[in-house]
Amino acid sequence: MASQDWLEKDFYKILGVSQEATDDEIKKAYRKLARKWHPDQNPGDAAAEQKFKDIGEANSVLADPAKRQEYDQLRQMVGGGARFTAGGPGGGGGAGGFEDLFGSMFGGGGGQNVRFSTGGGGEQINLDDILGHFGGGGGGYGSPYGGYQSGPRKGADLEARTSLSFRDAAAGETVSLQAADGQTIKTRIPAGVKDGQTIRLRGKGRPSANGGQPGDLLLHITVQPHPVFHRDGNNLTLDLPVTFAEAALGATVAVPTLSGKSVKVKIKPGTPSGRKLRVKGQGIQAKSGVGDLIATVQVVVPEKLSKEAKQAVETIAEQDHADGHDPRAELNAKAAQ
């Protein structure tokens, strides 16, 4: 609901943008200032906390197209500091256009019931009571600036950010957040949330000013990388080191999972580097389904060999030469095409 505060505060100045600023410019300015003045960045600084709240209030108005239009029209109409007076022709230096406007709104014609004045004198009317009709409160007057407003109005949406570990993002986590208006919100992050994802938390935004539903909280998620696991959709991926002997002769090896347990995976004889092994149902568990764990085989070549190991490898090399085996034959043939 519009109030006297709307006329006393310059929300454009608070965000450092012009009155012609685009929605994107307003959003960028708000995010920059919110990060700078966030209480977590300025612990114990009361001035910074108030600045943060002012920035949140300015954004809640300017980021809402309907509220911004209402705010602009009201400021233009009253010039940022006007007052309303009641009475007849002696109530103050009235302006005919505004007399007609408010006279038609509140039941009279030709400006005979309510007179607009920029000076003192006359009986003062509570500006909040009058402006409340522009925001959908009261009896739902027809406003020439915003169309017919009837019934309670939903509260404004708020924005917040949080950072989760890779494991918490996969499993889901309950976090405490501080929204742009300074309030603390405790909420559950669903399992399987992705890095860069924005989730909408219904009813966690700003309360309605006139008994309507509260707004929503738009929560921007940052997921920290994991040293072993990576995400591909709902699948988890990792590199699986195996020895030359395991790859050549075959083996059964343990593969870690995100749950902390390991699963056994069979390596077939002659498995090359780059081959992918799939473990069903060991990926991300999200609403869209359960992914798999995909392990990419990486054959580890030893940097040093014992005398016996070196002789064994030389025997293999001699056998390859005798058999005429050339691992690059296909490569060279394709390169010559």
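Values quoted throughout were computed directly from the atomic coordinates according to the rules given, and no laboratory measurement underlies them. This one's a predicted model, so the numbers in the text were calculated from it and none came from an experiment. Here the Cβ is made from the backbone with ideal geometry for all residues, glycine too, and neighbour counts use every protein chain on show.
Observations on the model:
- Förster-model FRET efficiency, 25 Å R0, ASP72 and GLU8, C-beta, rounded to 0.05: 0.95
- Kirkwood Rh and Cα Rg combined as Rg/Rh, the range 162-286: 1.19
- At full extension, LYS276 and ARG188 could sit 28.2 nm farther apart than now, given 0.36 nm per residue minus the alpha carbon distance.
- Note on the range 230-335: Cα-only Rg and Dmax are 17.8, 57 Å.
- Across the cross-link table entries LYS9/LYS204; LYS13/LYS53; LYS53/LYS204; LYS27/LYS287; LYS154/LYS287; LYS268/LYS307, which are compared at the Cα atoms, the separations over 24 Å belong to LYS9/LYS204; LYS27/LYS287; LYS154/LYS287; LYS268/LYS307.
- √(5λ) per eigenvalue of the Cα gyration tensor, the range 25-66, largest first, Å: 21, 11, 5
- Per-peptide packing, taken as the mean over residues of other Cβ atoms within 10 Å, places 11-21, 51-61 in the sequence 51-61, 11-21 from highest down.
- Rg over Rh [alpha-carbon atoms, Kirkwood Rh] for the range 278-337: 1.27
- For the pair ASP64 and THR296, label points projected 7 Å from Cα toward Cβ lie 4.8 nm apart.
- Using every pair of separate Cα atoms, the Kirkwood estimate puts the hydrodynamic radius of the range 158-223 at 12.2 angstrom.
- Residue exposure sequence - ILE26, ILE199 - by fewest surrounding Cβ within 10 Å: ILE199, ILE26
- Ranked by how many other Cβ atoms sit within 10 Å of their own Cβ, fewest first, the residues LEU249, LEU293 fall in the order LEU249, LEU293.
- Vicinal HN-Hα couplings computed from phi for the range 331-337 (Karplus, 6.51 cos²θ - 1.76 cosθ + 1.60; Hz; Gly/Pro x): 4, 5, 5, 5, 5, 7, 6
- This ranking places HIS38, HIS220 by how few other beta-carbon atoms lie within 10 Å of each, fewest first, which gives HIS220, HIS38.
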